[in-house]
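Novice: Here it is, the structure, as structure tokens.
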Amino acid sequence: MADRICALLVDDERLARLELRRLLAADPNVEVVGEADGVASASALLRRLRPDVVFLDVQLVDESGFDLLEEAGDDTAVVFVTAYEHHAVRAFEVNALDYLLKPVSPRRLARTLERVRSTLAAERPEDQRVLTLEDRVLVEERGRAELVRVSDILCLRAEDDYSRLVAPGGREYLVNESLRSWEGRLPARHFLRIHRSTLVNLEHVETLERQPNDTYLLRLRGLGEPLAMSRRFASRLRERLG
């Protein structure tokens, strides 16, 4: 199972960002978590979203993409995307992961994503490997430890840097792991983010109900209260469920 990649797009041309987003959409395990058109807005998103990779144009309006590298830090891979080949040497001097020339070809982008995955896998500790439905995770609540099978997880909700794991029978556990970390570990074929703060197990989906205000309620087997979701996430869910 390929690891999920959270990507940030930085380009001062809206159409260029749109085209790159379209190309990335071909990979179901890549999620574009944000877009920016300049260094200042990109810096704010980097601090808030902490993406796995930033696809970065070199020449921005009155700015250089190189100015963003210090903000990216060691936890975010940098892939330069530009129409100018002469920036390549400097890009690799500053340890960019890759350098893509516009127009970007799907095949070349796929190779870049494999490099991103390899880098993420090398940095992930052994206990952060991708899980299967048959694996069990150790959770603890009020001093009581329990092993929960991944297939039994109904959903996970973000609570600051923690997450609340919900299992059948109303069992809930506050876990010292972020929702983003869970999203990278759980099998992407079976788990889907339906809200910025909620990740659900598709195997437990029961119904999806449209509401008058153009939002949706998702009901999971074994969960009493429905989960709210936007039209955008509902569309993504319908695609996954076929």
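Novice: Considering LEU208, LEU218, LEU202, which residue is in contact with a Leu (Cβ under 7 Å, 6 or more places away or on another chain) and within 19 Å of LEU133 (Cβ to Cβ)?
Specialist: Within the list LEU208, LEU218, LEU202, the selection yields LEU202.
Novice: Could you tell me which of the residues LEU174, LEU217, LEU199 is in a strand (DSSP E or B) and within 25 Å of VAL30 (Cβ to Cβ)?
Specialist: LEU199
Novice: Here's something else I'd like to know. Filter region 138-164 down to the residues that are touching a residue at least 24 places away in the same chain (Cβ under 8 Å) and not in a strand (DSSP E or B), then identify the one that is nearest to HIS195 (Cα to Cα).
Specialist: LEU154
Novice: Looking at region 171-194, which of its residues are hydrophobic (A, V, I, L, M, F, W, C) and within 13 Å of the chain's Cα centre (by Cα)?
Specialist: Of all residues in region 171-194, those hydrophobic (A, V, I, L, M, F, W, C) come to 174-175, 179, 182, 186, 188, 191-192, 194.
Matches in region 171-194: LEU179, TRP182, LEU186, ALA188, PHE191, LEU192, ILE194.
Novice: Quickly run through region 225-242 and pick out the residues that are of a type in the set (S, T, N, Q) and in a helix (DSSP H, G or I).
Specialist: Within region 225-242, SER235 is the sole residue that qualifies.
Novice: Take ARG115 and tell me if it is assigned to a helix (DSSP H, G or I), assigned by TED's automatic domain parsing to the domain that holds VAL54 and either at pLDDT below 90 or surrounded by fewer than 17 Cβ atoms within 10 Å (Cβ to Cβ) (or both). If you could, list the steps in order and put the result at the bottom.
Specialist: Working: assigned to a helix (DSSP H, G or I): yes; assigned by TED's automatic domain parsing to the domain that holds VAL54: yes; either at pLDDT below 90 or surrounded by fewer than 17 Cβ atoms within 10 Å (Cβ to Cβ) (or both): yes.
Yes; evaluated as a whole, the condition is true for this residue.
Novice: Under 8 Å by Cβ, and 6 or more places apart or on different chains, what pairs join a residue from region 187-204 that is of a type in the set (Val, Ile, Thr) with one that is assigned to a loop (DSSP other than H, G, I, E, B)?
Specialist: Short answer, once both residue conditions are applied: VAL200/LEU154.
Novice: Filter region 211-242 down to the residues that are over 19 Å from the mean Cα position of the chain (by Cα) and without any contact (Cβ under 8 Å) to a residue 12 or more places away in the chain, then identify the one that is surrounded by the most Cβ atoms within 10 Å (Cβ to Cβ).
Specialist: GLN211
Novice: Could you tell me whether THR207 is hydroxyl-bearing (Ser, Thr, Tyr) and modelled with pLDDT of 90 or more?
Specialist: yes
Novice: Can you tell me which residue is modelled with the highest pLDDT among those in region 1-50 that are among the polar types (S, T, N, Q) and assigned to a helix (DSSP H, G or I)?
Specialist: This residue is SER41.
Novice: Going through region 10-46 one residue at a time, which ones are in contact (Cβ under 8 Å) with a residue 40 or more places away in the chain and in contact with a Lys or Arg (Cβ under 6 Å, 6 or more places away or on another chain)?
Specialist: ASP11, ASN29
The values are calculated or read from the model by the stated rules, or taken from the named source; none is laboratory data. In this text the structure is predicted, and so the values were computed from the model without any measurement. No Cβ is skipped: glycine too gets one built from the backbone with ideal geometry, and neighbour counts run over all protein chains shown.
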